[in-house]
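Student: Please see the structure below; I have some questions.
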Amino acid sequence: MLEHSGHQVVTFCRSNWDVDSYKGLGRLSLAKRTIWASDTRRELLRLLRQEKPDVVHVHNTFVMISPSIYSACSEANVPVVQTLHNYRLLCPAATFFREGKVCEECLRSLWHGVGHACYHDSYSATGVVALMLSTHRLRKTWEREIACFVALSQFARSKFVEGGFPGNKIIVKPNFVYPDPGKRTTDGDYALFVGRLSPEKRVGTVLRAWKALRISIPLRIIGDGPEREELEAQVARDGLTDVRFEGMLPHDQALAAINNARFMIIPSEWYETFCMAIAESFACSTPVICSRMGVMQELVADGRTGMHFTPSDADDLAKKVEWAWNHPAEMRAMGRQARAEYEAKYTAEKNYPILMNIYERAAART
């Protein structure tokens, strides 16, 4: 989007696959670079002095880049914008999700996560993440060296403010869908789930709802993840012949599936910072049935762009699914409202001036 608008963009990336090359140096060495990667800092500082950018937009520093780069930006007098894609700066696991439910203990103390081994089921690895976060809180890295934060939703912003981040520095800018997949031309002949098959996504709730349905409704499940084998076994055990797992699909094929669905189902029970599947559904004029919690109920207007159901309540979801299937005219109207929401909030054209305003505010703080 920035390049299309005439801006020069220089990309600085490190892959976390590079962690393997440091394992031979011992855990202490890897832990140290998680907190402060001197080599990455030097490399970025050279790049900043060479390119002299107007702003540095950071998306992720964990693990290989580390928060050391913020001090490089400060030394080069370049303002920093940080997008808060997940809750890593508040929670070692980055998810506020533990043992199958929302957990906010780390809002009180990061060290609660260590006691539960929340990061990769490892006490030592969680301890390293907590130490990194604690070190930079004491150093006031986030406070002193980041000019503006970008939250992807009002809900996510509220959690960061609750966690002690300065509200006057956090600006809400959602993600956007590009290119425009175009609105659908049919009512759709199946229900759809698209996403990772993992515990927090709660696909099991959808399957329990399908078992409770009184009518036959085709369900396509696109995606993969650690729960796939268990979910497929659940489908076989319950004889859910209308359910089809399709695995990972190329993005264009997934969008085509959204475009031809009657509705999308988002059963998540964790604190998403944003839900790209909702924005993509809206772009396709496909209404969404989602959990009544967190960012889902912020993005989806109940009765206007989709419907809410009680989280984890398969019977409530089944009732909403049956109603949606049996009321195609009402779902068409919701689809039109969903498309209008996309055009108002989630296009590149709407996103660009918001991002430019954020950069200008960041520059004014230096």
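The values are calculated or read from the model by the stated rules, or taken from the named source; none is laboratory data. It should be emphasised that the depicted structure is a prediction, and the values quoted were computed from it without experimental measurement. Every residue, glycine among them, receives a Cβ derived from its backbone with ideal geometry; neighbour counts consider all protein chains shown.
Student: For region 141-160, how many residues meet the condition of being closer than 22 Å to Glu104 by Cα and not in a helix (DSSP H, G or I)?
Tutor: So the count comes out to 5.
Student: Looking at Thr305, Thr310, which one is surrounded by fewer than 18 Cβ atoms within 10 Å (Cβ to Cβ) and either touching a residue at least 12 places away in the same chain (Cβ under 8 Å) or within 15 Å of Gly195 (Cβ to Cβ) (or both)?
Tutor: Among Thr305, Thr310, only Thr310 is surrounded by fewer than 18 Cβ atoms within 10 Å (Cβ to Cβ) and either touching a residue at least 12 places away in the same chain (Cβ under 8 Å) or within 15 Å of Gly195 (Cβ to Cβ) (or both).
Student: So which residues in region 95-105 are free of Cβ contacts under 8 Å to residues at least 40 places away in the same chain and crowded, with 18+ Cβ neighbours inside 10 Å?
Tutor: Arg98, Cys103
Student: Which residue, of Ala283, Ala254, is touching a residue at least 40 places away in the same chain (Cβ under 8 Å), under 14 Å from Asp180 (Cα atoms) and surrounded by fewer than 24 Cβ atoms within 10 Å (Cβ to Cβ)?
Tutor: Ala254
Student: Look through region 73-97, keep the residues that are farther than 19 Å from Ser134 by Cβ and of a type outside the set (Val, Ile, Thr), and return whichever of them is nearest to the chain's Cα centre (by Cα).
Tutor: Across region 73-97, the extreme among qualifying residues is His85.
Student: Separate question: Filter region 59-88 for residues that are surrounded by 18 or more Cβ atoms within 10 Å (Cβ to Cβ) and of a type in the set (A, V, I, L, M, F, W, C) and give the result.
Tutor: Selection gives Val63, Met64, Ile65, Ile69, Ala72, Cys73, Val78, Val80, Val81, Leu84.
Student: Assess whether Arg196 counts as being under 26 Å from Thr347 (Cβ atoms) and charged (D, E, K, R).
Tutor: yes
Student: Oh, and also: Among the residues of region 133-150, is there at least one that is modelled with pLDDT of 95 or more and under 27 Å from Met248 (Cβ atoms)?
Tutor: Checked region 133-150: no residue is modelled with pLDDT of 95 or more and under 27 Å from Met248 (Cβ atoms).
Student: Asp20 fails exactly one of the following numbered conditions: (1) within 28 Å of Ala151 (Cα to Cα); (2) modelled with pLDDT under 95; (3) among the charged types (D, E, K, R); (4) surrounded by fewer than 13 Cβ atoms within 10 Å (Cβ to Cβ). What is the number of that condition?
Tutor: Asp20 satisfies every listed condition except (1).
Student: Follow-up. Looking only at strands (runs of 3 or more DSSP E) that lie completely in region 196-279, which have at least 2 residues being among the β-branched types (Val, Ile, Thr) and in contact with a strand residue (DSSP E or B) (Cβ under 7 Å, 6 or more places away or on another chain)?
Tutor: Where strands (runs of 3 or more DSSP E) fall fully within region 196-279 and carry at least 2 residues being among the β-branched types (Val, Ile, Thr) and in contact with a strand residue (DSSP E or B) (Cβ under 7 Å, 6 or more places away or on another chain), they are 219-222, 263-266.
Student: Another question, if that's okay. Give region 231-251 a look and list any residue that's farther than 27 Å from Ala338 by Cα and surrounded by 15 or more Cβ atoms within 10 Å (Cβ to Cβ), or say none.
Tutor: Scanning region 231-251 gives Leu231, Glu232, Gln234, Val235, Leu240.
Student: Taking Met296 as the residue in question, decide whether it is touching a residue at least 24 places away in the same chain (Cβ under 8 Å) and either aromatic (Phe, Trp, Tyr) or surrounded by fewer than 21 Cβ atoms within 10 Å (Cβ to Cβ) (or both).
Tutor: Considered against the rule, which asks whether it is touching a residue at least 24 places away in the same chain (Cβ under 8 Å) and either aromatic (Phe, Trp, Tyr) or surrounded by fewer than 21 Cβ atoms within 10 Å (Cβ to Cβ) (or both), Met296 comes out as no.
Student: Right, another one. Quick check on region 348-361: of everything there that is surrounded by fewer than 18 Cβ atoms within 10 Å (Cβ to Cβ) and not basic (Lys, Arg), which residue is nearest to Cys275 (Cα to Cα)?
Tutor: Looking at the filtered set, the residue picked out is Ala348.
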